[in-house]
Every structure is written in structure tokens, then in C-alpha cells.
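Beneath this line is the structure, given in C-alpha cells, with notes to follow.
The values are calculated or read from the model by the stated rules, or taken from the named source; none is laboratory data. Given the structure is predicted, the values throughout are model-derived calculations rather than measurements. Every residue, glycine as well, gets a Cβ built from its backbone with ideal geometry; the counts of neighbours run over all protein chains shown. SASA here: full protein model, heavy atoms, side chains in, ligands and nucleic acids out. Shrake-Rupley method; radii C 1.70, N 1.55, O 1.52, S 1.80 Å.
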Amino acid sequence: SAARGPHGGTRGRAASVAARAANHNVLSVEVKDGAGGDDSDAIQGVERPVILGVTLPEDRQTQFLIMAAGALTCSLGFAALQESVFRIPGFTYPGFMTLVTSACYAACGFIEMGISTKGKFTRNGTWKNYWILSTMTFGGMFLTNFALKFLNYATRIVAKSSKVIPVMLFSTIINGKKYNWREWGAVGLLV
């Protein structure tokens with residue numbers, strides 16, 4: 001028999017609702033015990049993702065399709081524009097292009113954060129971690145763009161897509177993370 005909660009509801013039922021929500025990757029679940037002790041636990045609200053001020057639908061598959069389509073569209077657009085810039089005869093400023101790209105990333109990040117938090121800017125990490133991450137990201141972008149002097153764009157994309165292999169290997173060795181055959185197969189298809 002499940003233990004009774006402070007308002008008469010059962011903690012066992014609340015835990016099972018939370019467990020079912022966790023299995024469906026729900027972002028936030030609030031469970032309210034029934035006041036009369038009648039197991040009338042109810043989910044008060046499920047937080048849905050908000051992207052650029054637009055709340056996505058509740059359906060997880062629709063959320064995935066919207067975010068995947070957006071990511072693919074932006075990625076392809078970015079690649080096409082960047083390749084067209086690098087094909088301009090006499091273009092020799094990959095460092096400046098990396099700086100402009102990083103500045104645009106920062107501006108877009110601040111705009112998105114301002115819209116989604118309604119102007120309440122909060123920082124979750126330390127400044128040190130932000131600086132290290134941004135420096136490493138900038139360095140990776142700079143060296144990748146600089147390499148285009150020696151490689152064609154298609155080779156660059158293939159090389160970038162293969163970086164998931166060392167990431168998976170290091171996370172297996174260092175963190176002990178396990179990947180199933182489907183995940184390894186997806187990486188094989190990607191590369």
C-alpha cells in the first residue's frame with residue numbers, strides 16, 4: 001500500500017505520475033495531491049519549450065520536427081552562405097569572418113535570451129567557463145575556416161561530421177558512457 005501524503009493523497013501515485021512523465025522526457029511536471037484523500041492527483045502544468053518567444057506545441061514529435069527542420073534549414077543556409085563568401089575571388093580574411101560569425105552568435109544569443117526570459121538575463125555558469133568555452137569555440141571555427149585555404153568545402157564538412165567519433169570514444173573511455181548499436185550505426189551513416 002502506498003504511503004499517504006500530507007493532504008491525504010498517495011505518494012505512490014504521485015511518484016508513478018512523475019516517473020511516467022520522466023519516461024516521456026517532460027521538461028517540468030507539478031503534481032498536486034487531492035485534498036480529500038481520493039487519489040485525485042493531477043498534473044498542474046507541463047512546461048513546453050519556447051523558442052524566440054514562440055511556445056512549441058505539446059506533442060513531442062511535432063516539437064522534434066519543428067526543431068529539426070529549423071536546425072537543418074539554418075545549418076544549410078549558413079553553409080551555403082559561408083561557402084559563397086569563401087568562393088569570392090581574392091577573399092583572404094577567414095579570421096575576420098570568424099570574428100563576425102562569433103559576434104552574430106553572441107547577438108542572436110542575447111536576443112533569444114531576452115525574448116525567452118522576458119528581459120531577465122540570468123547566467124547559469126561561471127564567467128571563467130563561458131570564456132573558456134567561447135575561446136575554444138572561436139579557435140575551432142578560426143582553424144576550420146583557415147583550413148579552407150588548403151581544403152575544399154566538401155572535405156571540410158566531411159571532416160567536421162567525423163568529429164562525433166572521438167567525442168563518443170572519449171565519453172566512453174572517460175565517463176563510462178554506453179552507446180547502443182543504433183547510435184554507433186547512426187554515426188557510421190553520418191560519417
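Is the stretch 104-121 home to any residue that is open to solvent by 90 Å² or more (accessible area, probe 1.4 Å), in a helix (DSSP H, G or I) and either aliphatic (A, V, I, L, M) or over 30 Å from Val50 (Cβ atoms) (or both)? Scanning the stretch 104-121, I find at least one residue that is open to solvent by 90 Å² or more (accessible area, probe 1.4 Å), in a helix (DSSP H, G or I) and either aliphatic (A, V, I, L, M) or over 30 Å from Val50 (Cβ atoms) (or both), so the answer is yes. Cβ separations smaller than 9 Å between residues 6+ apart or across chains give the following pairs from the stretch 142-153 residues that are in contact (Cβ under 8 Å) with a residue 40 or more places away in the chain to residues that are in a loop (DSSP other than H, G, I, E, B) and not hydrophobic (A, V, I, L, M, F, W, C): Lys149/Thr92; Tyr153/Arg87. Can you tell me which residue is nearest to the chain's Cα centre (by Cα) among those in the stretch 90-99 that are open to solvent by 50 Å² or more (accessible area, probe 1.4 Å) and closer than 12 Å to Lys149 by Cα? For the stretch 90-99, the residue satisfying everything is Tyr93. Just to be sure before I move on: is Thr137 open to solvent by less than 80 Å² (accessible area, probe 1.4 Å) and either on the phi > 0 side of the Ramachandran plot or not aromatic (Phe, Trp, Tyr) (or both) in the structure I sent? Here the answer is yes, as Thr137 does meet what is asked. If I ask for residues that are closer than 21 Å to Thr137 by Cα and either in contact with a helix residue (DSSP H, G or I) (Cβ under 9 Å, 6 or more places away or on another chain) or touching a residue at least 60 places away in the same chain (Cβ under 8 Å) (or both), which ones from the stretch 80-92 would you list? Those that are closer than 21 Å to Thr137 by Cα and either in contact with a helix residue (DSSP H, G or I) (Cβ under 9 Å, 6 or more places away or on another chain) or touching a residue at least 60 places away in the same chain (Cβ under 8 Å) (or both): Gln82, Glu83, Val85, Phe86.
Conditions (1) within 19 Å of Leu148 (Cβ to Cβ); (2) hydrophobic (A, V, I, L, M, F, W, C), marked per residue:
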| position | (1), (2) |
| --- | --- |
| Gly70 | no, no |
| Leu81 | yes, yes |
| Ala107 | no, yes |
| Ile111 | no, yes |
| Thr117 | no, no |
| Asn124 | no, no |
